[in-house]
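The values are calculated or read from the model by the stated rules, or taken from the named source; none is laboratory data. Since this is a predicted model, take the numbers as computed values, not measurements. Because the Cβ atoms are built from the backbone with ideal geometry, glycine has one as well, and the counts that use them run over all protein chains shown.
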Amino acid sequence: MPFSTGIAPPTKKTFEVSVYTAHTAVRRGAGSVALAEVLTSLRADGAREALAFIGDSYNAASIGLHRKLGFQHVGTLKDVGEKFGKMLDVIVMQRTLTFEKPAGEATKT
């Protein structure tokens, strides 16, 4: 689903991406494979930008995964999330899809 800002035309080629893995799959590469496939599909469909909203600024694994696949940190939303009564920052990361793919990203054959 396209990222929704209320102004559709300028953002119709921008998408928010999320990847979740089972607890038993953590640190086994499943997240990298899944996110790389999502990016490959978006690029093939003509998307230009991918955004990731990481719901805890201490989530080093998720931040590292996105960085590995070419995302850059573009902002931090302070105290906009809440989990178990604790306020959380949300990290915003962005990836332009029109440039060369980083190593590890899936290649369509």
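Could you tell me whether region 13-21 includes any residue that is modelled with pLDDT under 85, surrounded by 13 or more Cβ atoms within 10 Å (Cβ to Cβ) and in a helix (DSSP H, G or I)?
For region 13-21, residues modelled with pLDDT under 85, surrounded by 13 or more Cβ atoms within 10 Å (Cβ to Cβ) and in a helix (DSSP H, G or I): absent.
Hey, among the residues in region 35-58 that are among the acidic types (D, E) and in a loop (DSSP other than H, G, I, E, B), which one's modelled with the highest pLDDT?
My answer is D45.
Take G31 and tell me if it is at pLDDT below 95, under 24 Å from F84 (Cβ atoms) and buried (at least 20 other Cβ atoms within 10 Å of the Cβ).
yes
When residues of region 68-109 are filtered for being modelled with pLDDT of 90 or more and either under 13 Å from the mean Cα position of the chain (by Cα) or not in a loop (DSSP other than H, G, I, E, B) (or both), how many remain?
Of the residues in that region, 25 qualify.
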